[in-house]
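Visitor: What follows is a structure written as structure tokens; I'll ask about it next.
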Amino acid sequence: MTADLAAIDRAIAEAHLPTLVMSIVHLTGDTSLLRGERPVYAMLDERQRTLSDETKALIRARARSAIADLRDGKPVPPPPDQAVVREMMNYIAGTDIAEAYVPFLMDELSLDGLDPNQPRWSEPVLQAASATMFVVVIGAGLSGILAGLRLQQAGIAFVMIERNADVGGTWFDNTYPGCRVDSTNHMYSYSFDTAGHAWPNWYSPQATLLDYFRGVTDRHGLRAHIRFGNEVTEAVYDAARPGWNVRVRSSDGREEVLAATAVISAVGQLNDPKLPDIPGMDRFAGVAFHSARWRHDVDLRGKRVAVIGTGASAFQFVPEIAPEVENLVIFQRSPPWIMPTRNYHDRVGPGFQWLLDHVPFYEKWWRFFLFWSFTESVYESVKADPDWTGGPSAVSAANARIADYLARQMTGQLVGAEHLAPAIIPTTPFGSKRALRDNGAWIKTLRRDNVQLVTEAIREVTPSGVVMADGVEHKVDVLIYGTGFRASEFLRTIRVAGRDGIELSKVWAGDARAHLGVDMPGFPNFFMLFGPNTNIVVNGSIIFFSECAVHYVISCLEMLARQRAGALEIRPDLFETFNAAVDAGNAAMAWGVPHVSNWYKNSTGRVSQNWPFPILDYWYATREPNPADFILHRTDAPFASAG
């Protein structure tokens, strides 16, 4: 580090001060700031509102001195002990964190610089077992990449089957204008790889995210294990071996069967576009496409364009295309809650990036802060209060307070366009469907002269446009479906036949369930990532859930090795108990109450997508699988080899 004091001052001016306090403790050993004023944060905002100007000036002065001393070579004191780290957690969170969270958050912080989830199969029994295992991973999106990395670290042979031409999953498939992540990137990234990537934006666009996942793949040498342009068509369990016969079809139609010890499905939930069921769609004479299969060859300039749906994708691409089309009509069934995010399209400032790159532990504590403030701190507000009597637009007093806050934020953008309020301010509870981030672009777009928001029901699509229930026709040249994905139809395109030939699709019968979203009775050594009931609405990042699930899968393979078993499956009674608890939990959440409709509920009305508990519960549940919870299938030749 060679920065002069002026450069240090410029960086400190962009700092998140509570995070800066954490680095001061590490650099100086001085904990006095932890016992002064605590930050209190604005609702759904990382900016603290309570530190006095005097305290802010003191933090900046101490940081300036500490960073300058670091630059000049002054020795850094020993790491803080766990009691001090606990105090640091409480300070940056602005609240006393419950004791049960401490092991989980210490794991997430990883202050020793080690990767706590890296498999370390150094014992002879594990090395011997890993040499005889072979695993097929289906998909090379964010979960598949992670699974491949952990298998590689354990010394287990594997292959990843990816139907696309490159890694990235949803970030490869979705290329529509404005596509970006809606979780801040300093949290939406692998816990072990955050320092290796300088995110240019707070919420990165699709191209940046795809580059990130390509980079992780290449840095860890995973590309050599991936068969691109191939897809799995079926996986059949062979009890005699035991193991799986996985049928793979290449892009030229050739088929091959791979013999595997285990199968890890990493196909995800958001990869199969869903089209609405509207009469006449096949008669439309113009250009029609789903936003997840964007037609970049279609020039929208000067065209009459219709968009069906106002979900996450439409929120991003509509503001991008509105200025260039002749007119744009947006068909909305129900409005989402909008979470104001001032920096949604902003680049990370150079000073903040300098702190991330050069100040010890600043990056780790910033990620910790985001993890805490945008996960469990919101969770309680979407739990339904059984004694709530305030009406169907909320499920509790806390839920109503957030809805009122968001409604006021939205109304503030409607001065002079108050007529839009009934159409864009939801009457459903916050958390009943996905809340969408916006920096003001959505409402600004709806206020354009060439944009019309239509909330009446659609009757049919005609060759020339879209006809409403009242008979009014909107004539358009291009029809874009922003209608989401077939998320509840898990593994729809793959035939999976387990023990005794039972087929997974018949077991599920349209109502997918799994233990921890990962494993199923009757399907030994078959594991799912981002499986049933592992989606999150307000508390967490899907990457966190994938890291937990992969840790669990690798631990199950370790159990096979230690128990000298050929296969394992979760006990049916534990599977049933787990799913009963999940169903009861979801019924008590904003997204599960009877009067709301959303994509989280499948065709049976059951919530098959969401995790209804604190993310802490998932972390604990996936730490150490207990052999007593499984049926172990033993054999004299315990492991299948590559075939």
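Visitor: Any chance region 144-157 includes a residue that's charged (D, E, K, R) and assigned to a strand (DSSP E or B)?
Guide: no
Visitor: Oh, and also: Determine whether region 54-77 contains at least one residue that is within 26 Å of Glu547 (Cβ to Cβ), open to solvent by 20 Å² or more (accessible area, probe 1.4 Å) and not hydroxyl-bearing (Ser, Thr, Tyr).
Guide: No, the conditions are met nowhere in region 54-77.
Visitor: Which residue pairs have Cβ atoms under 6 Å apart, sit 6 or more places apart or on different chains, and have a first residue in region 462-486 that is part of a strand (DSSP E or B) and buried (at least 16 other Cβ atoms within 10 Å of the Cβ) and a second that is of a type in the set (Lys, Arg) and modelled with pLDDT under 95?
Guide: Phe485/Lys274
Visitor: Output the residue which, of all residues in region 96-111 that are open to solvent by 10 Å² or more (accessible area, probe 1.4 Å) and touching a residue at least 24 places away in the same chain (Cβ under 8 Å), is nearest to Val25 (Cα to Cα).
Guide: Here the residue is Leu111.
Visitor: Still on this structure: Can you pull out the residues in region 438-461 that are closer than 30 Å to Gly390 by Cα and buried (at least 21 other Cβ atoms within 10 Å of the Cβ)?
Guide: Within region 438-461, Asp438, Trp442 qualify.
Visitor: Scan region 127-182 for residues that are of a type in the set (Lys, Arg) and open to solvent by 40 Å² or more (accessible area, probe 1.4 Å) and jot them down.
Guide: Matches in region 127-182: Arg163 only.
Visitor: Under the condition of being open to solvent by 10 Å² or more (accessible area, probe 1.4 Å) and within 11 Å of the chain's Cα centre (by Cα), which residue from region 502-546 is nearest to Gly139 (Cα to Cα)?
Guide: That would be Phe530.
Visitor: Would you confirm whether any residue within region 548-561 is open to solvent by 10 Å² or more (accessible area, probe 1.4 Å), farther than 30 Å from Arg437 by Cα and without any contact (Cβ under 8 Å) to a residue 60 or more places away in the chain?
Guide: No, region 548-561 has no match at all.
Visitor: Another question, if that's okay. Just to be sure I understand, how many residues within region 335-359 are more than 23 Å from the chain's Cα centre (by Cα) and either part of a strand (DSSP E or B) or of a type in the set (S, T, N, Q) (or both)?
Guide: 1
Every residue, every condition in (1) farther than 24 Å from Gln413 by Cβ; (2) open to solvent by less than 30 Å² (accessible area, probe 1.4 Å), yes or no:
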position	(1), (2)
Val329	no, yes
Arg333	no, no
Arg347	no, no
Pro350	yes, no
Asp357	yes, no
Arg367	yes, yes
Trp372	yes, no
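Visitor: Now for a separate question. Of all residues in region 586-609, count the ones that are of a type outside the set (Ser, Thr, Tyr), open to solvent by less than 20 Å² (accessible area, probe 1.4 Å) and more than 29 Å from Arg499 (Cβ to Cβ).
Guide: Number satisfying all stated conditions: 6.
Visitor: For Val85, indicate whether it is within 17 Å of Asp30 (Cβ to Cβ) and within 34 Å of the chain's Cα centre (by Cα).
Guide: yes
The values are calculated or read from the model by the stated rules, or taken from the named source; none is laboratory data. A quick note: this is a predicted structure, and the numbers were derived from the prediction, not measured. Every residue, glycine among them, receives a Cβ derived from its backbone with ideal geometry; neighbour counts consider all protein chains shown. What goes into the accessible areas is simple: the full protein's heavy atoms, side chains included, and nothing from ligands, DNA or RNA. Shrake-Rupley method; radii C 1.70, N 1.55, O 1.52, S 1.80 Å.
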